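This report concerns only the one structure given below.
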Amino acid sequence: MKYGIVAGARHEAARGLSGQCPACGAALIAKCGDLRVHHWAHKGARTCDAWWEPETEWHREWKDRFPKDSQEVIQRAEDGEKHIADVKTKHGHVLEFQHSPISNEERAAREAFYRRMSWIAAKARPAELQ
């Protein structure tokens, strides 16, 4: 994830920082190596959103086209289910950026959960369609 909570405020990951997950409150560590996009990760192997996927540069570049307070907005349903929307506009519309394939069932579940949403999908290369 791009944002964690540090000293009560949203912060992007930076070397040496630790924080809390804005969705579940668990401890986060900043992952700031040279090969992957800088991001926050839960300590250990846990994640609090079943729809979580590693982000690519493509994904991050799309999110960065929107105001920071519109990125990674936590959505909660009445039954307690929660997910982190890539972007939620000031008009309440969710945008999900998808670079890798997902199942039809997951696509339908996301659409049912967010209701007012649109997909921005990466163009698949021929090898990815097999």
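Accessible area of ASP79 (1.4 Å probe, protein heavy atoms only, ligands and nucleic acids ignored): about 120 Å².
Between ALA27 and GLU106, the contour length at 0.36 nm per residue exceeds the alpha carbon distance by 25.7 nm.
Can you find, among SER18, GLY80, ALA108, the residue sitting farthest towards the positive end of the charge dipole of the chain, where Lys and Arg contribute +1 and Asp and Glu -1 at Cβ? Positive-end residue among those listed: SER18.
Charges were assigned to the Cβ only: +1 to each Lys and Arg, -1 to each Asp and Glu. The resulting dipole of segment 12-130 about its Cα centre is roughly 220 debye. Working from the Cα coordinates of the chain, the gyration tensor eigenvalues give, after taking √(5λ), semi-axes of 23, 19, 14 Å in decreasing order. Here's the picture: a label point sits 7 Å out from the Cα of ALA121 along the beta-carbon direction, and within segment 84-104 the residues with their amide nitrogen under 15 Å of it are 96-104. Taking every C-alpha pair closer than 8 Å and separated by at least 6 residues, the mean separation divided by the residue count of segment 40-130 gives a relative contact order of 21 percent.
The values are calculated or read from the model by the stated rules, or taken from the named source; none is laboratory data. Because the structure is a prediction, the values reported are computed rather than measured. Virtual Cβ from ideal backbone geometry, glycine too; neighbours counted across all protein chains shown. All accessible areas refer to the heavy atoms of the entire protein, side chains included, with ligands and DNA or RNA removed. Shrake-Rupley method; radii C 1.70, N 1.55, O 1.52, S 1.80 Å.
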